[in-house]
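In what follows, a structure is listed as structure tokens, so that the remarks can point back to it.
The values are calculated or read from the model by the stated rules, or taken from the named source; none is laboratory data. Just so we're clear, the structure is a prediction, and the values are computed from it rather than from any experiment. Quick reminder, even Gly has a Cβ in these numbers, built from the backbone with ideal geometry, and neighbours come from all protein chains shown. Remember, those area values only see protein heavy atoms, side chains included, never the ligands or the DNA or RNA. Shrake-Rupley method; radii C 1.70, N 1.55, O 1.52, S 1.80 Å.
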Amino acid sequence: MFVVSICERTITQSNQITYKFALTYDDAKLIFQTAKQWIDRATSYYTMENLASDHIQIMQDASQLYKSLAFFEDDSERQAKMHKRRIDILENVIKDLNPMYYMSFLRQIWYELAETSVEILDIKLDKMKASNDIPTPHALKKVNSLAEQSIKYFDSFLNSLKQPSSNEMPNKFTEETEKAALGAYFQI
């Protein structure tokens, strides 16, 4: 009976996945909603208390899910809100992580948070450029805040690469971190 139940669930889930490309926001939204249900179900089992590494990876997947949906969204305000949701998800994860045990995850998340902040910043700047009006003090404050937030996360990433003994940057980055470190420097 249990085996039949698992097979039925697998068939049902595989029917929810399309072999066709998502070409519109509506197509992408259907895929997003299905994947979001699976992520929500997975996070009820994989928690920070019992399977932290798996939980972190699932939350990173949730962030990427919002990023993918934002790609199909035409409204820049809604795009920005989706990216803000990514930031909320990832910030919620990093507040509980111990750098001694989860440094590789922290580096990934700091970098993604910085890039996401830059994406929102680009959306806000594009909106300002498209408008012929003088930017409001609130809009300028938001842009500056996003730039500072991005720099903060890139700095966190770069500071994590420092040698623990001397608290200085290594003379040469490892192959895994070289591209990301240079990208962070250029973005700052």
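Surface exposure of the chain, expressed per residue as accessible area with a 1.4 Å probe, stands at 68 Å². Per-residue Karplus couplings for segment 28-42, computed as 6.51 cos²θ - 1.76 cosθ + 1.60 with θ equal to phi - 60°, are listed in order as 5, 5, 4, 5, 4, 4, 5, 5, 4, 4, 5, 5, 4, 5, 5 Hz, Gly and Pro entered as x.
When each of the peptides 94-102, 60-68, 150-158 is scored by the mean number of other C-beta atoms lying within 10 Å of its residues, the order from highest to lowest reads 150-158, 60-68, 94-102. Overall, the accessible surface of the chain at a probe of 1.4 angstrom is composed of carbon and sulfur to the extent of 54 percent.
With charges set only on the Cβ (+1 for Lys and Arg, -1 for Asp and Glu), what does the dipole of the chain come to about its Cα centre, in debye to the nearest 20? Don't jump to the answer; show the numbers that get you there.
Numbers: 22 positive and 26 negative charges, 44 e Å.
Taking the Cα centre of the chain as origin, the dipole is about 200 debye.
Over the Cα atoms of segment 93-188, the radius of gyration divided by the Kirkwood radius equals 1.08; this is the Rg/Rh ratio. Summing Cβ point charges (Lys, Arg +1; Asp, Glu -1) relative to the Cα centre of segment 103-183 gives a dipole of roughly 240 debye.
When the C-alpha to C-alpha distance is required to be over 27 Å, the pairs from LYS84/LYS152; LYS67/LYS172; LYS129/LYS152; LYS20/LYS142 that qualify are LYS67/LYS172; LYS20/LYS142. Diffusion of the chain by Stokes-Einstein, at 37 °C in a medium of 0.692 mPa s and with Rh set to the Kirkwood radius over alpha-carbon pairs, works out to 173 µm²/s. Residues with beta-carbon under 14 Å from that of ILE123, excluding ILE123: net charge, scoring Lys, Arg +1 and Asp, Glu -1? Here the count lands on +2.
For the charge dipole of the chain, defined by +1 on Lys and Arg C-beta atoms and -1 on Asp and Glu C-beta atoms about the Cα centroid, which residue among PRO135, ILE151, ALA62 has the Cα displaced farthest towards the positive pole? The Cα lying farthest towards the positive end belongs to PRO135. Selection among VAL93, MET103, MET82 by position relative to the dipole of segment 67-109 gives MET103 as farthest towards the positive end (Cβ unit charges, Cα centre).
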